[in-house]
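Written out below as structure tokens is the structure these notes cover.
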Amino acid sequence: MDAGKDDDWEALERRAADGDVDAMIILGALAEESGDLEAAREWYLKAAELGDSGSMAGLGALAQGSGDLEAAREWYLKAAELGDSTAMANLGVLAAESGDLEAGREWFLKAAENGDENAAAILNQLGE
């Protein structure tokens, strides 16, 4: 990393330490992109603890990616309760993949009603 990037990283870390949720999310996304899933999980968890639904959904995706579907479902539910349409759609996927097509359809419907275009497209394909 060059000096400018080091300064940017340190500035983000300072902002995150001061409670800046956006900085936590950026640090989590950068860690995830670089393959450091443990650091990503830590940053998303800090943001989730401050009520950020996108970070909760991110924790769900990390859990799902590692095969922990129960933890994924729990994080997606927390995010969905806060209105996160991506989490709702992901709950639809988990339900459908587990064989509960009715619950999957219901989650896709909630996601579509909250603006998730992918969920709306899935419902359209299902004839809803």
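Set side by side, the residues L82, L12, L30 differ, and just one is of a type outside the set (K, R), assigned by TED's automatic domain parsing to the domain that holds N114 and on the phi < 0 side of the Ramachandran plot, which is L82.
Kindly evaluate M24 against the criterion of being over 30 Å from W9 (Cβ atoms), out of contact with any Gly (no Cβ under 8 Å at 6 or more places or on another chain) and modelled with pLDDT of 95 or more. Against the criterion (over 30 Å from W9 (Cβ atoms), out of contact with any Gly (no Cβ under 8 Å at 6 or more places or on another chain) and modelled with pLDDT of 95 or more), M24 does not qualify. Looking at segment 25-128, the helices (runs of 4 or more DSSP H) lying wholly inside it that each contain 2 or more residues that are of a type in the set (D, E, K, R) and over 14 Å from the mean Cα position of the chain (by Cα) sit at 101-113.
Quick grid of which residues meet (1) out of contact with any helix residue (DSSP H, G or I) (no Cβ under 9 Å at 6 or more places or on another chain); (2) closer than 21 Å to A120 by Cβ; (3) among the aromatic types (F, W, Y):
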site: E10; (1), (2), (3): yes, no, no
site: R15; (1), (2), (3): no, no, no
site: D22; (1), (2), (3): no, no, no
site: E32; (1), (2), (3): no, no, no
site: E38; (1), (2), (3): no, no, no
site: E42; (1), (2), (3): no, no, no
site: A87; (1), (2), (3): no, yes, no
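For segment 95-118, the condition of being within 15 Å of S55 (Cα to Cα) and of a type in the set (K, R) holds for none of the residues. Would you check if there is a residue in segment 81-96 being of a type in the set (D, E, K, R), surrounded by fewer than 19 Cβ atoms within 10 Å (Cβ to Cβ) and modelled with pLDDT of 95 or more? There is at least one residue in segment 81-96 that is of a type in the set (D, E, K, R), surrounded by fewer than 19 Cβ atoms within 10 Å (Cβ to Cβ) and modelled with pLDDT of 95 or more.
The values are calculated or read from the model by the stated rules, or taken from the named source; none is laboratory data. Everything quoted here is computed from the prediction, not taken from an experiment. Don't worry about glycine lacking a Cβ; one is built from the backbone with ideal geometry, like all the others, and counts go over all protein chains shown.
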